[in-house]
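Below is the structure I would like to discuss, written out as structure tokens.
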Amino acid sequence: MKRVLSLVLVLVMLFSLVGCGNTTTSEPTEKEVKATTGEPVEVSEPAANKGDTLVVWTFTDELKGIIENYYEKNNDLDYEIEVVVVPNENYQSKLDPALGSGKAAPDVFAVEAAYAKKYFSSKYTKDLRTMGIEPTEIPIMQYVKDVATTENGEFKGLSWQATPGAYFYRRSLAQKYLGVSEPEDVQPLLADFDKFYEAALTIKEKSNGETKIISSLGDLTKVFKADRKDGWIVDNKFTIDPKIEELMEIGKKFTEEGLTNDAEQWTETWFASMSNDEVFGYFLPTWGLHYVLKTNAENANSGETTAGDWAMVQGPAPYFWGGTWLTIREGTEMEQAAYDLINYLTLNEEFLTAYAKESGDFLANVNVVENVKDTYSDEFLAGQNQYAMFAEMAKGIDATTMTGSDLDIDDLFDEQLMAYTKGEKNKEDALESFTSSVKDAFPNLDY
Amino acid sequence: MEITKSKKKRKAGIANYSKYGQMFIIPFIVGFLLFQLYPIIYTITLSFTDLAGWETELNFIGFKNYIHILHNDHFLQALKNTWIIWGMNFIPQLLVALILAKWFTDNAVKIKGEGLFKAIFYLPNIITAASLAILFNSLFGFPHGPVNQILIHFNVIQEPFEFFRSKPGTRIIVAFIQFWRWYGSTFIILCAGIMGINPSLFEAAKIDGASDWKIFSNITLPLLKPITLYILITSLVGGMQMFDIPFLLTGGGPDYAVETGMIYVYNQAFTGNRNFYMSATASVVLLVIIMVFSAIIYYVMNRDKRKVSR
């Protein structure tokens, strides 16, 4: 009897231990609503506020700063704004249950490019057209609007920023190894991936391997992916664009011939080589210039700085990286306040002009960009006007390859890209593992 | 007369106390029902549905998920990884802990600063998993991590070695961290077990002229069995749920070499399409595995004990 009892106790203990490991999300209750098709929507004024707090969720403190320093200061609001910052890694797993249950859910929330579409195509975001924001009538860059437009023609989100990407290189190193230093002379040498590879070889050779054209393959993948015709998912079917295989090939060449600095993005070495001569240049978008490159250009120990030695060109292909869209939760009780906030942050030209001048952040609002773009001259880039260049680059951006599952599929791909380029697998095996891992994560797609 | 009175009093007192006991236990019962039993039942329910992503309605599909998961290469690989890493960590852990426990309890050896050593051995267990993962990640960093620099300096290797791109390399590092974290705790439990053995048994054996090894293998080891059983089962339960170290170290990479069962559960629920049903099914399968193996271990060890006592 005692033995049976102790066995039961052991089992209970096991149950409780396993129980700790399982976290299941709360069960949402709403029923599926059939999405409306492209027909014109009924436009009505945003409903009056029913609560006294506007809850905004975001994944960086950037938006928090903007709301605190501009929106709340310049407007007389009769309600509170509560900005909740959730780290990007946990953002979706926090947001999904909140949206599903509608409890403690945000009224306005920010979504990042890598998963924005997932939310836009869900029923939890409000069609802005119903509140009178007609995409054809607002002066916002086309790609920014495209991202927020669903297959059914709904318009679900707006952004204050656009994030075209560029290639930032070191002028002194270019002069030394390529013989030219001005952007207009360097761009032709990097104009496509073949030339980029040639330049990489030249730089490695002439510097005796001291300087590499990129820090890691990760730097290159964004650009390649933007150059695709098809995204990962086309009509619910998992698709591998031929460009992906090309990326694997060129990645292998770069790795085998030692043309990268072997330092992955966001690692210590990746940041460190911004202040020394190990890396020739970086692929970074608008925000990368201000928040990554500028902040790491000075060596913390020696105090040496590479500021003023940088220049910016488009590089092999136009691309964009990141970007934050704002969207309103369907069923919010603060409709008017949510509408006001988004309207102010993305369409109020007075605010946007002031914000652009102060922060140098590149905007999605075409009118404001036109007005301010010629006034810039960045000391960090030796006087180059980055704003006017970004404005040009933004026109070449095509966001049609973007899907709501990019974040996860990109991760799965990067793992196999690494395995292939490091020679652990051949290409067929790598692609097969990739497909099988995507199948495992997304059994809902067609293959 | 007086005696019966006091007896009555005492009886009433006992009844009262047991009522308090029940009251004290209520918070645990409530917590258990709410935060453990309900999630477990809900998880088991989920494993029979196809709930994923935004969906909200439970749609029962029978045992389909179980059939599917037993043919799922990723999950089977994850189970294999879990067993490999657990084995690589547990066997050396038990051996080292046993040897240390023998030394530290041996009256003939009498190690100085025993308390200090015990504290030092136990120390890694106090450090949080996150700090350990970060520490080892930078120690074995590529290409300029300290381990690489030392190995190159002493001419062990010519080129920096990328530990976290090598499957055996990463598995060994994860197993080593687990070993290093837990051998101290195992050691202390074994010490307690050995000290709980009646010293007269050792003395008697010594007087009879038994060698140290004889004493160890014929007295210490058999009498340690209950403690070893406890260590084995708790370690198995912990090992099958291994998550934090491999997840924080490489996220399961390279190429899923250290993706454990729990990481699979996590990835299914919180990345990709958010397949709650797969994640729930995998948890239940893990639960069943742990239960079955614990029962086997329990049964085997106890059967031996019966033989010995006969």
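For the protein assembly as shown, report the translational diffusion coefficient in µm²/s to the nearest whole number, using Stokes-Einstein at 4 °C, 1.567 mPa s, and a Kirkwood Rh over Cα pairs.
Translational diffusion coefficient: 43 µm²/s.
What size of dipole, in debye to the nearest 20, comes out for chain B about its Cα centre when the only charges are +1 on Lys and Arg C-beta atoms and -1 on Asp and Glu C-beta atoms? All intermediate terms of the calculation are to be shown ahead of the outcome.
On the way: 26 positive and 16 negative charges, 385 e Å.
The calculated dipole for chain B is roughly 1840 debye.
Connecting C-alpha atoms closer than 10 Å in a GNM of chain A, tell me which of A:149, A:239, A:421 has the biggest fluctuation.
The residue with the greatest mean-square fluctuation here is A:239.
Which ³J(HN,Hα) values in Hz, rounded to whole numbers, follow from the phi angles of the stretch A:322-328 under the Karplus curve 6.51 cos²θ - 1.76 cosθ + 1.60, where θ = phi - 60° and Gly and Pro get x?
Running phi through 6.51 cos²θ - 1.76 cosθ + 1.60 with θ = phi - 60° gives x, x, 10, 9, 9, 9, 9 Hz.
In whole Å, what three semi-axes, largest first, describe the equivalent ellipsoid of the stretch B:65-309 built from its Cα gyration tensor (square root of 5 times each eigenvalue)? Please list the in-between numbers first.
On the way: eigenvalues 275, 143, 37 Å².
With the √(5λ) rule applied to the stretch B:65-309, the semi-axes are 37, 27, 14 Å.
Please check: in the Gaussian network model of chain B (C-alpha springs, under 10 Å), which one of B:158, B:268, B:178 has the largest mean-square fluctuation.
Greatest mean-square fluctuation among the candidates belongs to B:158.
If I take R0 = 25 Å and measure r between the Cβ atoms of residue A:374 and residue A:142 in this structure, what FRET efficiency does the formula 1/(1 + (r/R0)^6) give, to the nearest 0.05? Please report the intermediate quantities before stating the final value.
On the way: r = 22 Å, r/R0 = 0.86.
Between residue A:374 and residue A:142 the formula returns 0.70.
Measure out, as a whole number of angstrom, how far apart the alpha-carbon centroids of the stretch B:131-166 and the stretch A:112-148 sit.
So the separation of the two Cα centres works out to 46 Å.
Starting from the Cα of residue B:214, draw a straight line to each of the aspartates and glutamates and keep only those under 18 Å, dropping any in the same chain fewer than 8 residues away.
Candidates past the 8-residue exclusion: B:106, B:203.
Could you derive backbone 3J(HN,Hα) for the stretch A:205-211 from the dihedral phi with the Karplus parameters 6.51, -1.76 and 1.60 (θ = phi - 60°), listing whole Hz in sequence and x where the residue is Gly or Pro?
Working through the residues one at a time gives 5, 5, 9, 6, x, 6, 10 Hz.
For chain A, what does the alpha-carbon gyration tensor say about shape, rounded, prolate or oblate, given a ≥ b ≥ c as the root eigenvalues, a/c under 1.5 as rounded, and a/b over b/c as prolate?
Details: a/c = 1.76, a/b = 1.19, b/c = 1.48.
Oblate is the answer for chain A, as a/c is 1.5 or above yet b/c matches or exceeds a/b.
A further question on this structure: For the pairs A:118/A:225; B:110/B:206; A:118/A:243; A:237/A:439, flag any whose C-alpha to C-alpha distance is greater than 21 Å.
Working: A:118/A:225 19 Å; B:110/B:206 17 Å; A:118/A:243 24 Å; A:237/A:439 11 Å.
Cα-Cα > 21 Å for A:118/A:243; rest within.
Separate question: Using only C-alpha atoms and all pairs of different ones, pull out the Kirkwood radius for the stretch A:57-196 in Å with one decimal. Display every interim value, and only then the final one.
On the way: mean 1/r = 0.0539 Å⁻¹.
One decimal place: 18.5 Å for the Kirkwood radius.
Please identify, among A:313, A:86, A:223, the residue showing maximal mean-square fluctuation in a Gaussian network model of chain A using a 10 angstrom Cα cutoff.
Evaluated over chain A, the most mobile residue of the options is A:86.
Would you calculate the separation in nanometres between label points at residue B:41 and residue B:213, each defined as 7 Å from the Cα along the Cα-to-beta-carbon direction?
A separation of 5.7 nm, rounded to one decimal place.
In what order do B:298, A:119, A:355 fall by count of nearby beta-carbon atoms within 10 Å, going from fewest to most? Each step should come with its number before you reach the end.
Values: B:298 17, A:119 23, A:355 20.
In increasing order of surrounding Cβ atoms, one gets B:298, A:355, A:119.
Which far-off residues, 5 or more places away or on another chain, put their amide H under 5 Å from the one on residue A:55, with H placed in the peptide plane?
Long-range HN contacts for residue A:55: A:82, A:107, A:108.
OK, next. Rounded to the nearest 500, what is the 222 nm mean residue ellipticity of chain B from helices alone, with -39500 (n - 2.57) per DSSP H run of 4+ residues and division by all residues?
Details: 14 runs with 220 residues, N = 310.
Mean residue ellipticity at 222 nm (helix-derived): -23500 deg cm²/dmol.
To the nearest whole number, what is the average tally of beta carbon atoms from other chains within 10 Å of the beta carbons of peptide B:266-279? Walk me through the numbers on the way to the answer.
Numbers: counts 3, 5, 3, 5, 8, 9, 15, 9, 8, 5, 3, 1, 3, 3.
Going residue by residue through B:266-279 and averaging, the value is 6.
Please average, across the residues of B:39-49, the number of beta carbons from any other chain that are within 10 Å of each residue's own beta carbon, and give a whole number.
Details: counts 7, 6, 1, 4, 6, 1, 1, 3, 0, 0, 0.
The per-residue average across the peptide is 3.
With r defined as the distance between the Cβ atoms of residue B:61 and residue B:292 and R0 fixed at 30 Å, what FRET efficiency is calculated, to the nearest 0.05?
Details: r = 25 Å, r/R0 = 0.82.
Taking R0 as 30 Å, the efficiency between residue B:61 and residue B:292 is 0.75.
Collect residues whose amide H, placed 1.01 Å from N in the peptide plane, falls under 5 Å from the amide H of residue A:234; neighbours closer than 5 in sequence don't count.
A:239
Moving on. Determine the alpha carbon to alpha carbon distance for each of A:176/A:222; A:229/A:395; A:195/A:229 and list only those over 26 Å.
Details: A:176/A:222 28 Å; A:229/A:395 17 Å; A:195/A:229 21 Å.
Going by Cα-Cα distance, A:176/A:222 fall outside the 26 Å limit.
Using DSSP, restrict attention to beta bridges with both residues in the protein assembly as shown and report what percent are antiparallel, rounded to the nearest 5. Can you show the working numbers first?
Working: 25 of 36 bridges.
Antiparallel bridges: around 70 percent, rounded to the nearest 5.
Aspartates and glutamates near residue A:427 by alpha-carbon distance under 16 Å, same-chain residues fewer than 8 away left out - which ones?
Partners within reach: A:241, A:245, A:246, A:249, A:256, A:414, A:415, B:255.
Separate question: Of the beta bridges DSSP finds with both residues in chain A, what % are antiparallel, to the nearest 5?
Numbers: 24 of 35 bridges.
Given both bridge residues lie in chain A, the antiparallel proportion sits at roughly 70 percent.
Sticking with this one: Would you mind checking which residues have amide H under 5 Å from residue A:363's amide H? H placed 1.01 Å from N; only 5 or more apart, or other chain.
A:162
While we're here: Short version: ³J(HN,Hα) in whole Hz for each residue of the stretch B:85-96, in order, from phi by Karplus 6.51 cos²θ - 1.76 cosθ + 1.60 (θ = phi - 60°), x for Gly and Pro, what are they?
Once θ is set to phi - 60°, the couplings for the stretch B:85-96 become 5, 5, x, 5, 9, 6, 4, x, 4, 5, 4, 4 Hz.
Now for a different question. Less than 13 Å apart at the alpha-carbon level, and either on another chain or at least 8 residues along: which aspartates and glutamates does that give for residue A:50?
Qualifying aspartates and glutamates at Cα under 13 Å: A:78, A:80, A:107, A:333, A:335.
Calculate the FRET efficiency for residue A:43 and residue B:68 from the Cβ-Cβ distance with a Förster distance of 45 Å, rounded to the nearest 0.05.
0.45
Since every read-out is calculated from the coordinates, none of them should be taken as a lab result. Given the structure is predicted, the values throughout are model-derived calculations rather than measurements. No Cβ is skipped: glycine too gets one built from the backbone with ideal geometry, and neighbour counts run over all protein chains shown.
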